[in-house]
Amino acid sequence: LHGTDGVVFLDVREPAEVAGGKVAGAVAIPRGTLESQTEALAGAETVVVYCAAGGRAALAGATLKALGFDDVRNAGGFKDWVEAGGAVE
């Protein structure tokens, strides 16, 4: 689940969006249920959040910081990741 460097990619898109692909190894938790599912991120040193375009990722990042996650980063949109040649599954 977690990379050897403690980095976790978090996809906050809806399940129908994730069905079309996600960042390889990413944890998928829809933005609307994030507060109740943070146990999937336990032990992460850095959480890199993304969604379709970046808006939900920004909101999710603020939520994670409020919940005590210190190193939260917004990777923007999934399309950007794909266009940059990032690994997808």
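In this label model, Ala24 and Leu59 are separated by 3.1 nm, measuring between points 7 Å along each Cα→Cβ vector. Label points 7 Å out from Cα along the Cβ direction at Asp80 and Thr33: separation in nm? Each label point is offset 7 Å from its Cα along the Cβ direction, giving 2.6 nm. Its alpha carbons give region 22-89 an Rg and a Dmax of 11.5, 32 Å.
Each part reduced to its alpha carbon centroid, region 9-28 and region 38-89 end up 10 Å apart.
Given Cβ point charges of +1 (Lys, Arg) and -1 (Asp, Glu) and nothing else, what value in debye, to the nearest 20, does the dipole of the chain about its Cα centre take?
Rounded to the nearest 20 debye, it is 220 debye.
Stretching Ala87 away from Glu17 to a fully extended chain increases their span by 23.5 nm, per 0.36 nm per residue minus the current alpha-carbon distance.
DSSP bridge analysis restricted to the chain gives an antiparallel fraction near 5%, rounded to the nearest 5. Can you tell me the orientation of helix 55-66 relative to the chain, as the angle in degrees between its alpha-carbon axis and the longest Cα principal axis, to the nearest 10? Roughly 20 degrees, rounded to the nearest 10. Give me the percent of accessible area attributable to carbon and sulfur for the chain, probe 1.4 angstrom. Within the chain, the accessible surface is 56 percent carbon and sulfur.
Relative contact order of the chain: 31 percent, from C-alpha pairs under 8 Å at least 6 residues apart in sequence.
The values are calculated or read from the model by the stated rules, or taken from the named source; none is laboratory data. Only a predicted model underlies this, so the values are computations on that prediction, with no experimental measurement involved. Reconstructed Cβ throughout: ideal geometry from the backbone, glycine too, with neighbour counts over all protein chains shown. With ligands, DNA and RNA removed, areas are computed over all heavy atoms of the protein, side chains included. Shrake-Rupley method; radii C 1.70, N 1.55, O 1.52, S 1.80 Å.
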